[in-house]
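**Q** Below is one structure. I have some questions about it.
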Amino acid sequence: MRFVVYGAGAVGGVLGGRLALSKNDVLLICREPHARAINENNGLKMKSARGEYSATLRAASDLAAGEVDDDTCILFTPKSHDTKLCVEKLSKLAPAGVSLVSFQNGVSNEEIISEKFTNVHGGVCRMTCSALQPGQVSFRRMGRLVIGKYPKGSHSFPKKLAPILESAGFEVSVSNSIMCDKWLKLVVNLQSGFNAIVDSRDHDSVEFMDLKVGVLEEAKKVLKSEKMRAKSCDDRDLSVDDVIKELKKPKAPRSPSAVRVNNSTWQNLYLKRKEVENGYFHGPIIEIAKKHKIPVPFNEVALELVTECCKSKLGPGVFRAGEVLEKINLRGKDR
C-alpha cells in the first residue's frame with residue numbers, strides 16, 4: 001500500500017513520517033516551503049522525547065497526475081476550512097473509489113469529502129503534534145489513532161490499514177461508530193482555544209481549570225439535548241465526564257517538557273495564519289445550543305477571543321485566565 005498524505009502539516013507530517021520510517025512509500029502534499037525544506041534536507045526531520053531522526057519520503061506542493069492508483073491510501077489532513085477546496089482539487093487527480101481517511105478535526109469534513117469520493121473513512125488522532133518550521137515536525141510521545149468507515153459500520157479497509165499503522169508505532173483501534181469518536185474528539189478540542197489564548201503562567205491556576213471545565217460542561221448539556229453520542233468506540237479514551245473529573249483534581253505545577261509541543265490553535269496564532277479552525281469545534285455546539293435555547297457563554301467567548309487574536313494577529317497567550325472568566329461572567333449576566 002502506498003500513502004499520499006494530502007494537506008500534510010503537523011499531524012499529517014507525523015503520520016507520514018512514522019509510516020516512512022517503517023518502510024512505507026509515502027508522499028506528502030504540503031505547503032511549498034515545507035516541501036522544499038524536506039527535499040533539500042533529504043527527509044522530514046522529526047523530534048520527540050525519545051530523540052531526533054529523519055524520515056526519508058517524498059514531498060511536493062501539488063499532487064501530480066498518476067500519483068494515485070488503486071493501491072494508494074490517501075490520509076487527508078488539511079485544516080477544516082480548506083476541505084472544500086482540497087476535495088475539489090483532489091477529485092480531479094484521484095479516482096472516486098480511492099481509499100481515503102480524514103484525520104481532521106471537526107465533524108463535517110467527511111460529509112463534504114463524500115460528495116466526491118465513495119470509499120471514505122474517518123480518523124481520530126490522539127496526540128499533539130507541532131510544525132513550526134519548514135521541514136520539521138515534533139511530538140512528545142506516540143499516540144493513539146481511531147479509524148472507521150464513514151458514517152458508520154464495519155468495513156475491510158480500516159482492518160487492513162490498522163496493522164500498518166501499528167507497525168509505524170501507533171496504538172490503533174477500529175471503530176464501527178467513528179462519528180461518535182469524532183464527536184468526543186471535538187468536545188475535547190473545545191479546550192484548545194483557552195490553551196492557546198491564555199498566558200501560560202496561568203495554566204496551572206484554578207481559574208484556567210474553571211475555563212476548561214466550563215466549556216466542556218456546556219458541551220455535555222448541548223449534546224444531551226440533541227441525543228448526540230460523544231463516545232470512545234472501546235472506552236480506551238476518557239469520556240467527557242472523565243476529562244472533567246481530571247480537570248477538577250488538585251494538581252502540582254507541571255515541569256517543562258524537553259520537547260515543546262503546542263496545539264494547532266496555538267500554532268495558527270503563533271504563525272499569524274489568516275484563519276483558525278475553531279469555528280468547526282465551537283460552531284456545532286453553539287448552533288445546537290441556539291436550537292434548544294441553552295446558554296453557552298464559555299463556548300461563545302472562547303470562539304470570539306480566538307477569532308479576535310487571529311484577525312488582529314495578536315499571537316497566543318495574550319489573555320489572563322481571570323480576564324477571560326470575567327468576560328464570560330458578563331456574558332451570562334447580559335442574558
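**Q** For the chain, modelled as a Gaussian network with Cα springs under 10 Å, which listed residue fluctuates most, 303, 93, 85?
**A** Among 303, 93, 85, the largest GNM mean-square fluctuation belongs to 85.
**Q** How far, in nm, would the chain grow between residue 132 and residue 154 when pulled straight, counting 0.36 nm per residue and subtracting the alpha carbon separation?
**A** Taking residue 132 through residue 154 to full extension adds about 4.2 nm, to one decimal.
**Q** Using 7 Å Cα-to-Cβ label points, what is the residue 1/residue 56 separation (nm, one decimal)?
**A** It is 2.3 nm.
**Q** Using 1/(1 + (r/R0)^6) with R0 = 41 angstrom and r between the beta carbons of residue 108 and residue 49, what's the FRET efficiency to the nearest 0.05?
**A** Once the sixth-power term is evaluated, E becomes 0.75.
**Q** Under 19 Å from the Cα of residue 333, which aspartates and glutamates turn up, not counting those fewer than eight places away in the same chain?
**A** Result set, ordered by chain and number: 207, 210, 217, 218, 300, 304, 323.
**Q** Do any of 160/231; 79/149; 84/327; 249/311; 224/293 go past 25 Å between their Cα atoms, and which?
**A** 84/327; 249/311
**Q** Sorted by mean Cβ packing within 10 Å, highest first, what order do the peptides 228-241, 181-194, 108-121 take?
**A** 181-194, 108-121, 228-241
**Q** Next question, about the same structure. At residue 200 and residue 31, where each label point lies 7 Å from the Cα along Cα→Cβ, what is the point-to-point distance in nanometres?
**A** 2.0 nm
**Q** May I ask for the net charge around residue 207, where only other residues with Cβ less than 15 Å from the Cβ of residue 207 are counted and Lys, Arg are +1 while Asp, Glu are -1?
**A** 0
**Q** Right, next: With Cα extents along the principal axes in Å as the read-out, I listed [x] 59, 40, 34; [y] 83, 38, 36; [z] 73, 48, 44; which label goes with the value calculated from this structure?
**A** So the calculated entry is the one marked [x].
**Q** Further question on the same structure: Tell me, what is the percent relative contact order of the range 2-176, built from C-alpha pairs under 8 Å that lie six or more residues apart?
**A** 23 percent
**Q** Right, another one. For residue 142, project a label point 7 Å along Cα to C-beta. Then give me every residue of the range 174-192 with its amide nitrogen under 18 Å of that point.
**A** Answer for the range 174-192: 174.
**Q** So for the pair residue 270, residue 71, with labels modelled 7 Å out along Cα→Cβ, what separation do we get in nm?
**A** Output for this residue pair reads 3.9 nm.
**Q** Select from the range 233-306 those GluC sites (Glu not before Pro) which occupy a DSSP coil region and have at most 14 other Cβ atoms within 10 Å, ordered by residue number.
**A** Here the sparse-neighbourhood loop sites are 275.
**Q** Related question: I need the Debye-formula profile for the range 2-176: one equal scatterer per C-alpha, no solvent, reported as log10 I(q)/I(0) at q = 0.17 1/Å, two decimals.
**A** -1.02
**Q** A further question follows. Place a point 7 Å from Cα of residue 318 in the direction of its Cβ. Which residues in the range 196-215 have their backbone N less than 14 Å from it?
**A** It comes to 196-199, nothing else.
All of the numbers you see were taken from the coordinates with simple rules; none came from a lab. In this text, all values refer to a predicted model and were calculated from it rather than measured experimentally. Neighbour counts run over all protein chains shown; Cβ positions are idealised from the backbone, glycine included.
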